[in-house]
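Have a look at the structure below, then the notes.
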Amino acid sequence: MTLAAAQAGKCTKGIDPTVSCGNCDAVCCRLTVVLMPEDRVPRHLTTRTGHGLEVMARDEEGWCVAVDQNRMCCSIYEQRPAVCRKFAMGSEYCRDERRIYREQMQRGIPLTLRDE
């Protein structure tokens, strides 16, 4: 999730309690996560964008490198960035990202990495 989305409040408005991570392809774990100075993420899991922003690194398939691929959960959950902490399951932002992902998949468009 980008800092702009978090600051815009799209992360907490209009929570839909019927939305569950259990029936999602972990779309949020493929978003650009901008780190804040107070985040205490292990540095080997971060990188810098071309614009100099420190972000969570992603693997060659676009997944956040902190995702435990075997258990499909965050391996640094207790240390996860503030932006991830603010991302609410079922929020407007969550639902928007899921919709965009579904539409792309239905049209045969692979998930692309967006540097924001």
Taking θ = phi - 60°, what integer Hz values does the Karplus form 6.51 cos²θ - 1.76 cosθ + 1.60 yield along the stretch 83-98, in sequence order, with x for Gly and Pro? 4, 5, 5, 7, 5, 9, 4, x, 6, 4, 5, 4, 5, 4, 5, 5
For the stretch 30-35, 3J(HN,Hα) per residue [Karplus equation, 6.51 cos²θ - 1.76 cosθ + 1.60, θ = phi - 60°, Hz, x = Gly/Pro]: 10, 7, 6, 10, 7, 8
Considering amide H positions built from the backbone, and no H for Pro or chain starts, which residues 5 or more places from Arg58, or on another chain, come under 5 Å of its amide H? Val65
Global size of the stretch 3-106 as Cα Rg and Dmax, reported in angstrom: 13.6, 39
Label model pair His51, Cys21: point-to-point distance (7 angstrom along the Cα→beta-carbon line) in nm is 2.7
Place a +1 charge on the Cβ of each Lys and Arg in the stretch 9-59 and a -1 charge on the Cβ of each Asp and Glu, then give the dipole magnitude about the Cα centre in debye, rounded to the nearest 20. 100
Order by protection proxy (mean Cβ within 10 Å, highest first), peptides 25-38, 80-93, 59-72: 80-93, 25-38, 59-72
Compute the distance in nm between two label points, each set 7 Å from the Cα along the Cα-to-Cβ direction, one at Met72 and one at Arg85. 2.7
Given Cβ point charges of +1 (Lys, Arg) and -1 (Asp, Glu) and nothing else, what value in debye, to the nearest 20, does the dipole of the stretch 3-106 about its Cα centre take? 200
Taking amide H positions as placed in the peptide plane 1.01 Å from N, state which residues far from Asp39 in sequence (5 or more) or on other chains have amide H under 5 Å from it. none
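Read the figures in this text as sums done on the coordinates, not as results from a lab. No experiment lies behind these values; they were computed from the predicted model shown. When we count neighbours, we look across all protein chains shown, and the Cβ atoms used for this are built from the backbone with ideal geometry, even at glycine.
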